[in-house]
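Everything below concerns the one structure shown next.
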Ligand code: RP5
């Protein structure tokens, strides 16, 4: 199976990244994690993106906060799918990172998930890999069924909570 590359702009983004790695582990998806910043270590970030396809990655997740250019900078240097996670934590609560990540110019797409949306970033990366992997697709379908069953369990018990 292809690996998921996970890049965070700073180790202060770790709580969001933990959601990604927890979900990928649950699905037995291999990953590699790095701290590379679009601003503080731009050469290392670009080098990772340029070499990612030949290094066996199938998709890259990039998480950053504030003026979050990381996902876009990674996407500029690879044609692998790139998923951007805008991180909160700064004064604008992630709205700054959301707009910086989502508003990409035509030609360089970034699939942006919700602010701090680590779990969905992991699931979207899994869905991308599952296009060519029937066993992974089955795992994702089983997870959807289990998640739906949990909601239906809550539905059945909601009146007792009121
Ligand atoms: C961004 O700036 C990082 O992704 C992080 O979310 C934010 C703050 O970084 P630190 O100053 O905590 O290293 O580049």
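Summary of values
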quantity	calculated
Most mobile of 47, 71, 142 in a GNM of the chain (Cα contacts under 10 Å)	142
For the chain, built as a Gaussian network whose Cα springs stay under 10 Å, the top-fluctuating residue of 136, 14, 92	92
Separation between Cα centres of the stretch 10-40 and the stretch 72-107, rounded to whole Å	15
Crossing angle, helix 118-130 versus the chain [Cα axis fit, 0-90 degrees, rounded to tens]	90
Degrees between helix 134-157 axis and first principal axis of the chain (Cα, 0 to 90, nearest 10)	50
Relative contact order (%) - the chain, alpha-carbon pairs under 8 angstrom, separation at least six	22
The chain: angle of helix 42-51 to the longest principal axis, Cα-based, in degrees nearest 10	70
Estimated 222 nm signal from helices in the chain, with DSSP H stretches of n ≥ 4 weighted -39500 (n - 2.57), rounded to 500	-14500 deg cm²/dmol
Among 81, 42, 105, residue whose mean-square fluctuation peaks in a GNM of the chain (springs only between Cα atoms under 10 Å)	105
Over the chain, volume per residue of the alpha carbon convex hull, in Å³	128
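Each reported figure results from applying straightforward, stated rules to the coordinates on display, with no laboratory input. Predicted, not measured: the structure shown is a model, and the values here were computed from it.
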